[in-house]
Amino acid sequence: MTAPTAEASPDAAFPGYLDCLAEADEYAAIDVALGLVDAGVPAERVLLDLVAPAQAEVGERWARNEWSVAQEHAATHISERVVAAIAARANPRPTRGRIVVACMDGEWHALPPRLVAEVLRLRGWQVTFLGASVPVAHLVSYLHRYDAEAVALACALPMRLPHAHRMIEACRRSDVPVMVGGRGFGVDGRWARRLGVAWAPDAPTAAELVADERALRRVPPAQLSHLADDEYAGLTKRRGELIDSALADLRDRVPGMRDYTGAQMDSTVSDLGYIVDFLAAALYVDDESLFTEFVQWLVDILTSRGVPGAAVGATLHHYGAVLHDFPRAGRFLAAGAALIPVPSGAGRR
Ligand code: B12
């Protein structure tokens, strides 16, 4: 391997690379990335120290409403092309067993596990990357058909954790060791521990873990005895009713909703659904912080788009009133509502 030249580093290339994403200049982005590889920077470092942090910055710009969804999509598409170009340039041949990498059903964040898949490939594994949103039955029959040493499941959104758990259990019934990762399991993997599954914070750790079958299998069991209170099951059964009643409540309180465009209405309904889904996931893993982190994120997103955080607070109070016989949900909703800034001159309800 060539030693990298002093100026060839992902850090130094980062601002220029981000400009390429901002300008949707895929040819220049590929030149920057392959330039680093050709200058002796290991392909793994280019993937993890250039492409990955650039994608995180894309997410921040979208969250601050500085970039539109279209700009984010264009940037992500370029990152995918860059990953493909780096993979083609490195082109390692497998010397180890097969690892299947897949996104949970309903999970469209395929690029993070793709980065993990490429790092595993660079380290000699034969990787089958199944991509976004793989239905559980199809994943299981695939695992039966091909002799996988392990399956790596990705989840970027904590609201998908109950589903992730079902998928993990299904893979285990096929006796294939499971490893999970992605920001959906919490920055420190605490929700993976709750579900009783091996977790890796990043691609290099994933590569070490996947080589250690005993570590993959030797995980403490799931801690989900709180599910006996049926709050999670009760909440998910009432999802539609809750969203309808929150929408009716909003219509009463916000007369301006009459003039909402179809798109504004759609995003309001999906935000009301996200609140229920994140609350359900928090109940599933019995962790208030899952819900409060989400509320903080939602308030920031809406505020940067000119929607006052108080709108979220009122909906949390509404859900709290409807779910008066759900004590855990009531606590989580109250903790979320306590984060919401009270508009000046108004008292909290
Ligand atoms: C691109 C993108 C999308 C694209 C994904 C396309 C694709 N091909 O991947 C699309 C447009 C589909 C999308 C949709 C949505 N997105 Co999005 N998305 C992103 C974005 C900007 C980048 C994702 C990425 O590539 N990250 C880079 C990698 C490297 O991430 P990483 O987590 O650091 O990965 C490392 C580790 O976590 C770990 N790891 C990751 N996966 C795995 C898997 C395994 C098995 C292992 C072992 C390890 C591991 O290793 C990686 C490398 O070391 C992120 C921002 C971000 N910070 O990630 C938002 C982000 C994840 N999205 C977000 C949201 C809200 C959404 C939507 C709900 C938006 C909407 N209203 O529709 C939808 C949900 C879609 C769905 N149901 O899945 C939020 C989530 C916030 C939250 N509270 O959870 C984020 C954080 C944006 C933000 N700043 O608010 N998104």
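Selection of the stretch 104-122 for residues being within 6 Å of the ligand (Cβ to nearest atom) and over 21 Å from LEU161 (Cβ atoms) yields only LEU115. Taking first residues from the stretch 192-206 that are closer than 11 Å to ALA222 by Cα and partners that are more than 10 Å from the ligand (Cβ to nearest atom) and among the polar types (S, T, N, Q), the Cβ contacts under 7 Å between residues at least 6 apart in sequence or on separate chains come to ARG194/GLN223. Here is the figure for the stretch 194-205: residues that are farther than 18 Å from PRO113 by Cα and within 14 Å of the ligand (Cβ to nearest atom) total 1. In summary, ASP249 fulfils each of the numbered conditions (1) touching a strand residue (DSSP E or B) at 6+ places or on another chain (Cβ under 7 Å); (2) open to solvent by 20 Å² or more (accessible area, probe 1.4 Å); (3) part of a helix (DSSP H, G or I) with the single exception of condition (1).
GLY189 meets the conditions (1) on the phi > 0 side of the Ramachandran plot; (2) out of contact with any Phe, Trp or Tyr (no Cβ under 7 Å at 6 or more places or on another chain) in every case but one. The failed one is (2). Applying the criterion of being among the polar types (S, T, N, Q) and more than 10 Å from the ligand (Cβ to nearest atom) to the residues of the stretch 123-151, the residue that is farthest from THR205 (Cα to Cα) is SER141. Being within 28 Å of ASP49 (Cα to Cα), assigned by TED's automatic domain parsing to the domain that holds CYS103, open to solvent by 60 Å² or more (accessible area, probe 1.4 Å) and more than 10 Å from the ligand (Cβ to nearest atom) is a property that ASP188 has. May I ask you to verify whether SER174 is touching a residue at least 12 places away in the same chain (Cβ under 8 Å), surrounded by fewer than 18 Cβ atoms within 10 Å (Cβ to Cβ) and within 15 Å of the ligand (Cβ to nearest atom)? Spelling it out, it is not the case that SER174 is touching a residue at least 12 places away in the same chain (Cβ under 8 Å), surrounded by fewer than 18 Cβ atoms within 10 Å (Cβ to Cβ) and within 15 Å of the ligand (Cβ to nearest atom).
Pull up the stretch 211-234, narrow it to residues that are in a helix (DSSP H, G or I) and modelled with pLDDT under 95, then point me to the one that is nearest to GLY124 (Cα to Cα). This residue is GLU213. Every condition in (1) modelled with pLDDT of 95 or more; (2) surrounded by fewer than 13 Cβ atoms within 10 Å (Cβ to Cβ); (3) of a type outside the set (Phe, Trp, Tyr) holds for ALA329 except the one numbered (2). The test for being at pLDDT below 95, of a type in the set (Gly, Ala, Ser), in a helix (DSSP H, G or I) and away from the ligand (no atom under 14 Å from the Cβ) does not hold for GLY306.
For the stretch 101-114: of the residues being surrounded by fewer than 23 Cβ atoms within 10 Å (Cβ to Cβ) and among the hydrophobic types (A, V, I, L, M, F, W, C), which is nearest to GLU57 (Cα to Cα)? Looking at the filtered set, the residue picked out is LEU111.
The values are calculated or read from the model by the stated rules, or taken from the named source; none is laboratory data. Everything numeric in this text was worked out from a predicted model, so none of it was measured. So basically every Cβ, Gly included, is an ideal-geometry build from the backbone, and we count neighbours across all protein chains shown. Note: areas computed on protein heavy atoms with side chains; ligands, DNA, RNA excluded. Shrake-Rupley method; radii C 1.70, N 1.55, O 1.52, S 1.80 Å.
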